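The values are calculated or read from the model by the stated rules, or taken from the named source; none is laboratory data. All figures in this text were calculated on a predicted structure; none of them were measured in a lab. Here the Cβ positions follow ideal geometry from the backbone for every residue, glycine too, while neighbour counts run over all protein chains shown. Quick note on the areas: whole protein, heavy atoms, side chains included, nothing else; ligands and nucleic acids left out. Shrake-Rupley method; radii C 1.70, N 1.55, O 1.52, S 1.80 Å.
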Amino acid sequence: MTLLECINGPEDLKRLSQDQLTRLAGEIRDVLIETTTRTSGHLGPNLGVVELTIAIHRVFDSPKDKIVFDTGHQSYVHKLLTGRFAQFGTLRQRGGLTGYPSRAESEHDLVENSHASTSLSYADGLAKAYKLRGEPDRTVVALIGDGALTGGMAWEALNNIAAAKDSRLVMIVNDNGWSYQPTIGGLAEHLAAIRTNPRYEHVLDYIKTSLSRTPLVGAPIYGTLHGIKKGIKDVLQPQVMFEDLGIKYVGPIDGHDERLVESALRHARDFGGPVIVHVITKKGFGYPAAEQNEIDCLHQVPAAGAQPGTWSRVFGDEMLAIGARRPDVVAITAAMLYPVGLAQFGAAYPDRVYDVGIAEQHAVTSAAGLAMGGLHPVVAIYSTFLNRAFDQTLMDVALHQLPVTFVLDRAGVTGPDGASHHGMWDGSILQLVPGMKIAAPRDAKRIVELLNEAVDVSDGPTAVRFPKGKVGGEVEAIAKLGGMDVLREPGDGLGADVLLVGAGPMALTGLEVADRLAGHGIGVTVVDPRWTKPVDEALVGAARRHRLVATVEDNGRVGGLGDAVARLLRDHDVDVPVKTLGLPQEFLSHGSRDEVLEEAGLTPQQLALRITEAVARRTSAEADEGAPEPRAVE
Ligand SMILES: Cc1ncc(C[n+]2csc(CCOP(=O)(O)OP(=O)(O)O)c2C)c(N)n1
C-alpha cells in the first residue's frame, strides 16, 4: 500500500515524518504524470507545487482555514490530499473529477477558480467576513502564481489588503517564472532578479538556518524574519515593493524544501495580519520531460499550442501573411502566445506582438491606444476571457469607433475544462456593443476570408470567433443571399419549409440536419450568415419564403444570433416562427466537446428531431384555420 492511498484528508498528512513526506511527494508526482498523460490536464504547474501543497495542508487547518487557488489548475495535489485519490483517474472526464476546485466535490474546495488573478480579492473578503463575524481562529490562504499576479485585480486587492492590517491572510506567491511562457513585465523582471541573483542560494541558506533557530511563537517572530529581510535588503529587494504597500513579506523560500516552506508558513500564519510568502518553485519539478520542455514546461498535456490543422493554427498562419502585407497590423496576447496561434507571427515580427501578461482588460484598452496611434491591433484571446474586458471593449474601443479586431479562440463548447472555459458568452455580450461586427467562420477557408475582411474594417471593432480543436472539411457556397452563403436549397420535390441559419461550424451541422429532414420530406435551405452581427437584412425576405426559421449556434441561447434574427424579423413584421437553438444558458460542466453538445441537444440527430417537431406544430397551426399561429420559440 502506498502512503498516498492512506491519506484520506489533511489530518493524515500531519502524522507523517519528514522522510515519509519525501516519499509521498514522489508518489504524488507519479500519479500526476500517469493520470494527466492519460486524461489530459495541467501537469507542469502541479508538479511544481507538490511540496508547497503538502506544507500548506500541514500548517493550516482546512476546511476551517480557507485555501484559494489561483489559478485553480494548481489544485490537483490538493485534490489528492483531500480524499480524492481514488477518483483521480476520472480527472476531466464526463462525470469525473473536474480540473479545478469544485464545491460539489469537496468541503476543502471553496473557489471554483480558473480565470486568473481573483484569489486575493476573494481572500480579502473572506478574511474581513471572519473578522466581522467574530471568528478570529480562521486563516485565509491564497496561493497565487506569478502569472496570475500580473492581472490587475490582484493589484487592486493588494491595495485593499494593505489597509486591512488585522486580516488573517497569508498570500503565497508561487513564483516559477512561467505563465504558459516565461512571465513578462516589470513585476516578472523584478521577481526574476531575485531568482537569478548569484547570491540567492547563499541567502536561502541564511534564511534556512535563521528560521530553524527561530522559536515558533506569534507576532514578535515576524520581527526576527523582518530582521533577516532587512539584513539582505541590499542584495534582494522584492520586499520593497510589498513593504511599500505596507504588506509584510517573507522570502524568498525554496518551494521544494517542504520543511522550510512549512516553517515560513507557520510564521506567516502566526503573525496575525496579511503576509506575503514568496516561494520559488520550478514548473514541472521532478519530471525531466516537463522541466526541460522549452515551450511551456508541459503546462498542459496534450500541449495547448496551436497544432497543425487546428482553428488556432489556420488563424496564426493567416496572421503571418497579413503581417507581411500590412505593417500596421500588430498582435496582442494575454500570456498565451502559443495557445492562440501567434507564435509564428511573434517570431517574424517580434516588435509587433505584445504579451501583456494575464491582463485582458489592459490588453483591450491598450489596443484602443494602438488603434488611436494609427495601427490595427488584433487582440487574440480565448472567448471566455473576453468577459472580463467587456467595459473596455464597449467604452474604450467601440465608443471611439476604433479598428480593433478581436480573435476569439475556443468560442463555444470547449470540453474538459468545464463551465468556466466554455466560450458561450461572447456571441451574446458582443451583440450588445454598438458598431461591433462579429464573424463566425465555418471552415478554414472562411477564417482566412473573414479575418482579412475584419482587418480591412477601419471604422470600428470586429470580432472573429471560432471553436477549439481541429477545423473540419471545407464547404463552398452554392449561392449568395445578400452577404451570406447559401449552402443548400431544398431538394427536388421538397418545399421551402425551413430556413436554417447556422453560425460558424454549425452551418456544417445544418447540412447534416438538412439531410435528415429531407428524409422526412421537409425541405431545408441552409444559410451561413458569415457575419452574425449585424444580421444580414436579406434574411427578412428569405424568412418570408419559408414556414419556419431555425437558428443554430454554439453560444448561449440568450442574446446570441438567434435572438438577433428573431428581433430583425419582428422589426419587419415577419410572423414566421423562429426557433432559436443554442446552448442552454447554464453553467455547462466538463466532458468531451461531443458529450457536452449532446447534452445541450445540439447533435445533428437531436436538432433534426427538434426541428421536425417544430414543423409539425407549425403544420397543425396552419391547419387550424383562423386561429393565431402559435410561436414555436422555445
Ligand atoms: C483571466 C485569464 N486569462 C488567461 C488564462 C489562461 N491561463 C491559464 S494558466 C495561465 C498561466 C498561469 O501562470 P501562473 O499563474 O504563473 O501559474 P503556473 O501555471 O505557472 O503555475 C494562463 C495565462 C486564465 N486562466 N485566466
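For the stretch 329-345, what are the residues that are open to solvent by less than 10 Å² (accessible area, probe 1.4 Å) and more than 11 Å from the ligand (Cβ to nearest atom)?
Correct list: 329, 330, 331, 332, 341, 342, 345.
How many residues does the stretch 1-29 contain that are open to solvent by 60 Å² or more (accessible area, probe 1.4 Å) and in contact with a Lys or Arg (Cβ under 7 Å, 6 or more places away or on another chain)?
Qualifying residue count, the stretch 1-29: 2.
Against the conditions (1) open to solvent by less than 10 Å² (accessible area, probe 1.4 Å); (2) touching a Gly at 6+ places or on another chain (Cβ under 8 Å); (3) without any contact (Cβ under 8 Å) to a residue 40 or more places away in the chain, where does residue 435 fall short? Just the number, please.
(1)
Output the residue which, of all residues in the stretch 256-284 that are under 17 Å from residue 21 (Cα atoms), touching a Lys or Arg at 6+ places or on another chain (Cβ under 8 Å) and of a type outside the set (Asp, Glu), is farthest from the ligand (Cβ to nearest atom).
260
Show me the helices (runs of 4 or more DSSP H) entirely contained within the stretch 1-70 in which 1 or more residues are within 16 Å of the ligand (Cβ to nearest atom).
Per the criteria, 18-39, 44-47, 50-59.
Can you pull out the residues in the stretch 517-539 that are touching a residue at least 60 places away in the same chain (Cβ under 8 Å), under 36 Å from the mean Cα position of the chain (by Cα) and at negative phi?
528, 529, 531, 532, 533, 534
Any idea how many residues of the stretch 354-376 are over 21 Å from residue 146 (Cβ atoms), within 16 Å of the ligand (Cβ to nearest atom) and of a type in the set (A, V, I, L, M)?
Selection size over the stretch 354-376: 2.
When residue 313 is evaluated against the numbered criteria (1) more than 27 Å from residue 186 (Cα to Cα); (2) within 16 Å of the ligand (Cβ to nearest atom), which criterion, by number, is the only one it fails?
Failing condition for residue 313: (2).
Does residue 618 qualify as being out of contact with any helix residue (DSSP H, G or I) (no Cβ under 9 Å at 6 or more places or on another chain), modelled with pLDDT of 95 or more and of a type in the set (D, E, K, R)?
no
Does the stretch 267-291 hold any residues that are open to solvent by 40 Å² or more (accessible area, probe 1.4 Å), in contact with a strand residue (DSSP E or B) (Cβ under 8 Å, 6 or more places away or on another chain) and charged (D, E, K, R), and which are they? Before you say what the answer is, go through the steps one by one.
If we filter the stretch 267-291 for residues that are open to solvent by 40 Å² or more (accessible area, probe 1.4 Å), which is where we start, we get 269-271, 282, 285-289, 291.
Add one more test, that the residue is in contact with a strand residue (DSSP E or B) (Cβ under 8 Å, 6 or more places away or on another chain), and what stays is 269, 271.
Once the filter is applied, which keeps residues that are open to solvent by 40 Å² or more (accessible area, probe 1.4 Å), in contact with a strand residue (DSSP E or B) (Cβ under 8 Å, 6 or more places away or on another chain) and charged (D, E, K, R), the stretch 267-291 yields only 269.
What number of residues within the stretch 405-427 are assigned to a loop (DSSP other than H, G, I, E, B), under 20 Å from residue 450 (Cβ atoms) and of a type in the set (Gly, Ala, Ser)?
Matching residues across the stretch 405-427 total 1.
Is there any pair linking a residue in the stretch 482-508 that is on the phi > 0 side of the Ramachandran plot to one that is surrounded by fewer than 24 Cβ atoms within 10 Å (Cβ to Cβ), with Cβ under 8 Å and at least six apart or on different chains, and which?
Note: pairs meeting the criteria are 482/536; 482/537; 482/538.
Which residue is farthest from the ligand (Cβ to nearest atom), if the candidates are limited to the stretch 379-401 and must be in contact (Cβ under 8 Å) with a residue 60 or more places away in the chain, of a type in the set (Val, Ile, Thr) and touching a helix residue (DSSP H, G or I) at 6+ places or on another chain (Cβ under 7 Å)?
By that ranking, first place goes to 397.
Looking at 111, 49, which is the one that is surrounded by 24 or more Cβ atoms within 10 Å (Cβ to Cβ), under 29 Å from the mean Cα position of the chain (by Cα) and not polar (S, T, N, Q)?
49
Could you identify the single residue in 150, 82 that is farther than 27 Å from residue 599 by Cβ, of a type in the set (S, T, N, Q) and more than 16 Å from the ligand (Cβ to nearest atom)? Quick ask: steps written out before the conclusion?
Details: 150 fails: more than 16 Å from the ligand (Cβ to nearest atom).
Matching residue, one of 150, 82: 82.
Within the stretch 36-62, can you find the residues that are touching a strand residue (DSSP E or B) at 6+ places or on another chain (Cβ under 7 Å) and among the polar types (S, T, N, Q)?
Correct list: 36, 37, 40.
Looking at 485, 554, 497, can you tell me which residue is within 16 Å of residue 578 (Cα to Cα), at pLDDT 95 or above and either open to solvent by 10 Å² or more (accessible area, probe 1.4 Å) or not β-branched (Val, Ile, Thr) (or both)?
497
Does residue 497 fit the bill of being among the acidic types (Asp, Glu) and under 24 Å from residue 586 (Cβ atoms)?
no
Among the listed residues 130, 122, 100, 76, which satisfies the condition of being within 15 Å of the ligand (Cβ to nearest atom), open to solvent by less than 40 Å² (accessible area, probe 1.4 Å), part of a helix (DSSP H, G or I) and modelled with pLDDT of 95 or more? Before the answer, list the steps.
Working: 130 fails: within 15 Å of the ligand (Cβ to nearest atom); 122 fails: open to solvent by less than 40 Å² (accessible area, probe 1.4 Å); 100 fails: part of a helix (DSSP H, G or I).
Among 130, 122, 100, 76, only 76 is within 15 Å of the ligand (Cβ to nearest atom), open to solvent by less than 40 Å² (accessible area, probe 1.4 Å), part of a helix (DSSP H, G or I) and modelled with pLDDT of 95 or more.
What number of residues in the stretch 249-266 are in contact with a strand residue (DSSP E or B) (Cβ under 8 Å, 6 or more places away or on another chain) and surrounded by fewer than 24 Cβ atoms within 10 Å (Cβ to Cβ)?
Of the residues in that region, 3 qualify.
Here are some residues: 475, 464, 448. Which one is open to solvent by 10 Å² or more (accessible area, probe 1.4 Å) and not in a loop (DSSP other than H, G, I, E, B)?
From the options 475, 464, 448, the qualifying one is 448.
Is it the case that residue 53 is β-branched (Val, Ile, Thr), farther than 24 Å from residue 150 by Cα and at pLDDT 95 or above?
The answer is no for residue 53.
Just to be sure before I move on: is residue 351 in contact with a His (Cβ under 8 Å, 6 or more places away or on another chain), of a type outside the set (S, T, N, Q), surrounded by fewer than 24 Cβ atoms within 10 Å (Cβ to Cβ) and more than 28 Å from residue 415 (Cβ to Cβ) in the structure I sent?
Against the criterion (in contact with a His (Cβ under 8 Å, 6 or more places away or on another chain), of a type outside the set (S, T, N, Q), surrounded by fewer than 24 Cβ atoms within 10 Å (Cβ to Cβ) and more than 28 Å from residue 415 (Cβ to Cβ)), residue 351 does not qualify.
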